[in-house]
Amino acid sequence: MLRVTDTIAIDPAELEEVFVRASGPGGQNVNKVSTAVQLRFDTGATKSLPDDVRERLRRLAGHRLTGEGVIVITAARFRTQARNREDARERLLALIRQAAAPPAPRRPTKPTRASRLRRQEAKRRHSALKARRAKPLEE
């Protein structure tokens, strides 16, 4: 089990890893060995995540989320499969940890009286500046 938080753990069987050829460092080896990792995690099928965490995870995933609800993380920073695999898993765990933290409640605020007055005064100055630019009326 991959421990995400004290209450959330992911079964490694829920992760699908595909090794592909990577660009970047590796010399001649880069053309022969598949060292990059594509890690897939199906957010819809997982039973490891509570519903609220799953929804926040989908929002946070952004472009990494497919139409079917699968998160795809590609790791090709390192020259070895093992390090890329570890990197991809760490990135997924970091994303899930971020989603597991509940958002801070919004506290509605009002602008202060002084800030409203400053804004209105700035609008008056800008209006006067534009009025001075206008052509005089011919009568």
Each label point is 7 Å from the Cα along the Cα-to-Cβ direction; what then is the distance between the points at A101 and L60, in nm? 0.8 nm
In debye to the nearest 20, how big a dipole does the chain give about its Cα centre with +1 on each Lys and Arg Cβ and -1 on each Asp and Glu Cβ? 1480 debye
Scale the Cα Rg of the chain by the rule-of-thumb value 2.2 N^0.38 Å and send over the ratio, two decimals. 1.85
GNM flexibility winner over the chain from R91, R119, R106 (Cα, springs under 10 Å): R119
With labels modelled as points extended 7 Å from the Cα through the Cβ direction, what inter-label distance (nm, one decimal) is found for A82 paired with A94? 2.2 nm
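All of the numbers you see were taken from the coordinates with simple rules; none came from a lab. Small disclaimer: the values here were computed from a predicted structure and weren't measured. Don't worry about glycine lacking a Cβ; one is built from the backbone with ideal geometry, like all the others, and counts go over all protein chains shown.
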